[in-house]
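Shown next, in structure tokens, is the structure this report addresses.
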Amino acid sequence: MALIKCPECGKEISDKTTACPNCGMPLRREDRGTYDVTITRENQWFLINPKIKITVDSADEYMIGNDSSIIIPLTTGAHTIVFSSGIRKTQTNIDVTENMNISVKFNRASGELDVNGYKTASQTNSPNVSIGIGGGFFKGN
């Protein structure tokens, strides 16, 4: 038996249990429900346009290029998604209760990653140094 953290309340519990004894959160994937989290990177024109790395719950990693989308199936509950490109990072905490849409783009002025979407709470952890991504503009704007 191993101890794991409950994705809802964070208490340590047995990996054999089907529900958290503290908060009642179902722990089996089939009991929790799985929803699609669609992450869309907005189309931006820059001289240098690197891919953005997406890390979900410090484990699963994905890459997303300019003007593309990815669908990530996540179980009901709290998840942490980190968006990074070079030294720029933005951490987003989400509470998955239904299918969700999240958009990500580079901020032209600061080079930081802007993340927006339903039920998202983001925190940027980037140095205060502006390195510039290259003169860019948003297509269609």
Those residues of the range 50-83 which are over 10 Å from the mean Cα position of the chain (by Cα), crowded, with 17+ Cβ neighbours inside 10 Å and over 22 Å from residue 10 (Cα atoms), in sequence order: 52, 64, 66
Residue satisfying all of: in the range 84-112; over 16 Å from residue 26 (Cβ atoms), in contact with a strand residue (DSSP E or B) (Cβ under 7 Å, 6 or more places away or on another chain) and among the hydrophobic types (A, V, I, L, M, F, W, C); surrounded by the fewest Cβ atoms within 10 Å (Cβ to Cβ) among these: 100
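Each row is one residue, and each column tells you yes or no for (1) at positive phi; (2) small (Gly, Ala, Ser); (3) in contact (Cβ under 8 Å) with a residue 40 or more places away in the chain.
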{"residue": "4", "(1), (2), (3)": "no, no, no"}
{"residue": "7", "(1), (2), (3)": "no, no, yes"}
{"residue": "34", "(1), (2), (3)": "no, no, yes"}
{"residue": "39", "(1), (2), (3)": "no, no, yes"}
{"residue": "42", "(1), (2), (3)": "no, no, yes"}
{"residue": "53", "(1), (2), (3)": "no, no, no"}
{"residue": "73", "(1), (2), (3)": "no, no, no"}
{"residue": "78", "(1), (2), (3)": "no, yes, yes"}
{"residue": "90", "(1), (2), (3)": "no, no, no"}
Residue count, the range 38-49 (criterion: open to solvent by less than 50 Å² (accessible area, probe 1.4 Å), part of a loop (DSSP other than H, G, I, E, B) and modelled with pLDDT of 85 or more): 1
Selection from the range 11-37 of residues that are at pLDDT 85 or above and assigned to a loop (DSSP other than H, G, I, E, B): 11, 20, 21, 22, 23
Residue selected from the range 55-71 under the condition free of Cβ contacts under 8 Å to residues at least 40 places away in the same chain and among the aliphatic types (A, V, I, L, M), by the criterion nearest to residue 110 (Cα to Cα): 63
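The values are calculated or read from the model by the stated rules, or taken from the named source; none is laboratory data. Every value quoted in this text rests on a predicted model; they were computed, and no experiment measured them. For neighbour counting, all protein chains shown are included, and Cβ atoms are generated from backbone atoms with ideal geometry for every residue, glycine included. Only protein heavy atoms, including side chains, enter the accessible area calculation; ligands, DNA and RNA are left aside. Shrake-Rupley method; radii C 1.70, N 1.55, O 1.52, S 1.80 Å.
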